[in-house]
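Asker: The structure that follows is given in the form of structure tokens.
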């Protein structure tokens, strides 16, 4: 079981190349042209125990939206591919992560059914960090969950500093994902009474 994927996606707005290994250590480089987003992807790789290489060229003159959203789509597709038939995984994962005054909670089901419920993102003020508009964090998580065909509940529970709030969300998501994709030594098949998690 290789649990790896290598994908690329090119549109009139972005050119994304991504390599993923689910059984990793956080290795790889992330280069999207948006420094704060690179930092969030670094956190995702480190806390998710994913080896992740990301290279993106995007139309940043229009803002970071397309770059962040399209990276989320390709990451989700890579997760879907790397998980294969989903045999032997824990399937479920959850985490609550504090980041100073901020706190986020994530719960994941690798269900084969894309669904996203995001709460508390209205707590984020308007603004950006060096071109990363705060509202695009929400688009990233929606894109990943949809393309990976997983159920994601992500709740931004507290915070006043936008950097800390977004970072808590990425870390909570990473920790929950790390649990869900991990191999369960007591599970020989697909963790579902249906016998499949692919649709």
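The values are calculated or read from the model by the stated rules, or taken from the named source; none is laboratory data. As the structure is a prediction and not an experimental result, all values here were calculated from the model. Note: ideal-geometry Cβ built from the backbone for every residue, glycine included; neighbour counts use all protein chains shown.
Asker: Return the pairs, sorted by first residue and then second, in which the second residue is assigned to a loop (DSSP other than H, G, I, E, B), the first residue lies in the range 15-35 and is over 15 Å from residue 82 (Cβ atoms), the beta carbons are less than 8 Å apart, and the residues are 6+ apart or on different chains.
Answerer: Matching pairs, first to second residue: 25/49; 26/49; 26/50; 34/64; 34/130; 34/131; 35/130; 35/131.
Asker: Yes or no: residue 96 within 16 Å of residue 176 (Cβ to Cβ), modelled with pLDDT of 95 or more and either surrounded by fewer than 17 Cβ atoms within 10 Å (Cβ to Cβ) or in contact with a helix residue (DSSP H, G or I) (Cβ under 6 Å, 6 or more places away or on another chain) (or both)? Before you say what the answer is, go through the steps one by one.
Answerer: Numbers: within 16 Å of residue 176 (Cβ to Cβ): yes; modelled with pLDDT of 95 or more: yes; either surrounded by fewer than 17 Cβ atoms within 10 Å (Cβ to Cβ) or in contact with a helix residue (DSSP H, G or I) (Cβ under 6 Å, 6 or more places away or on another chain) (or both): yes.
Taking the combined requirement at face value, the residue satisfies it.
Asker: Which number in (1) within 15 Å of the chain's Cα centre (by Cα); (2) surrounded by fewer than 23 Cβ atoms within 10 Å (Cβ to Cβ); (3) outside any helix (DSSP H, G or I); (4) in contact (Cβ under 8 Å) with a residue 40 or more places away in the chain marks the one condition that residue 53 misses?
Answerer: Residue 53 satisfies every listed condition except (4).
Asker: Could you please tell me which pairs satisfy a Cβ distance under 9 Å, a separation of 6+ or placement on different chains, a first residue in the range 112-131 that is at positive phi and surrounded by fewer than 17 Cβ atoms within 10 Å (Cβ to Cβ), and a second residue that is assigned to a loop (DSSP other than H, G, I, E, B) and at pLDDT 90 or above?
Answerer: Pairs that qualify, where the first residue is at positive phi and surrounded by fewer than 17 Cβ atoms within 10 Å (Cβ to Cβ) and the partner is assigned to a loop (DSSP other than H, G, I, E, B) and at pLDDT 90 or above, are 127/134; 130/34; 131/33; 131/34; 131/63; 131/64.
Asker: Separate question: So, in the range 57-82, how many residues would count as being surrounded by 23 or more Cβ atoms within 10 Å (Cβ to Cβ) and over 17 Å from residue 141 (Cβ atoms)?
Answerer: 1
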